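A quick write-up on the structure given underneath.
The values are calculated or read from the model by the stated rules, or taken from the named source; none is laboratory data. Since the model is a prediction, treat every value here as computed from it, not as a measurement. Note: ideal-geometry Cβ built from the backbone for every residue, glycine included; neighbour counts use all protein chains shown.
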Amino acid sequence: MDKKAVEVINLKKSFKNFKIIDGLSFSIDYSKRVLIFGKNGSGKTTLLKILSCYLYPDYGDINILGFKIPDEESKIKGKVFYVSP
């Protein structure tokens, strides 16, 4: 299957003048597990909030389960979530 569960292309997110995510691209195949790790302040939580529709990106294309985010976020909410301490 060559459809991706998640596809992110050139994602950018800033708060004020501070770049949190700058040009991130990746894809995740169906049935794959992914670990996201990094230093404090590296953008992990921001990325997860964008992927779960709690934040909007400044720029970039995001497709989750075939739905374009944020245009079709109502179709994806309830299917994607994350748990964070």
### Query
In this structure, does LEU35 turn out to be assigned to a loop (DSSP other than H, G, I, E, B), at pLDDT below 95, aliphatic (A, V, I, L, M) and touching a Lys or Arg at 6+ places or on another chain (Cβ under 8 Å)?
no
### Task
Working carefully through the options LEU35, LEU11, LEU48, LEU24, find the one that is among the hydrophobic types (A, V, I, L, M, F, W, C) and in contact (Cβ under 8 Å) with a residue 40 or more places away in the chain.
LEU11
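Collect the residues in the range 38-47 that are part of a loop (DSSP other than H, G, I, E, B), touching a strand residue (DSSP E or B) at 6+ places or on another chain (Cβ under 8 Å) and on the phi < 0 side of the Ramachandran plot, keeping them in residue-number order.
Matches in the range 38-47: none.
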#### Entry: Yes/no for LEU55 being of a type in the set (A, V, I, L, M), assigned to a loop (DSSP other than H, G, I, E, B) and at pLDDT 90 or above
yes
### Task
Filter the range 17-32 down to residues that are modelled with pLDDT of 95 or more and among the small types (Gly, Ala, Ser) and give me whichever is nearest to LYS4 (Cα to Cα).
SER27
### Query
From the residues in the range 58-68 that are assigned to a strand (DSSP E or B) and of a type outside the set (A, V, I, L, M, F, W, C), which one is farthest from VAL80 (Cα to Cα)?
TYR59
### Message
On the basis of being part of a strand (DSSP E or B) and surrounded by 15 or more Cβ atoms within 10 Å (Cβ to Cβ), does ILE50 make the cut?
### Response
no
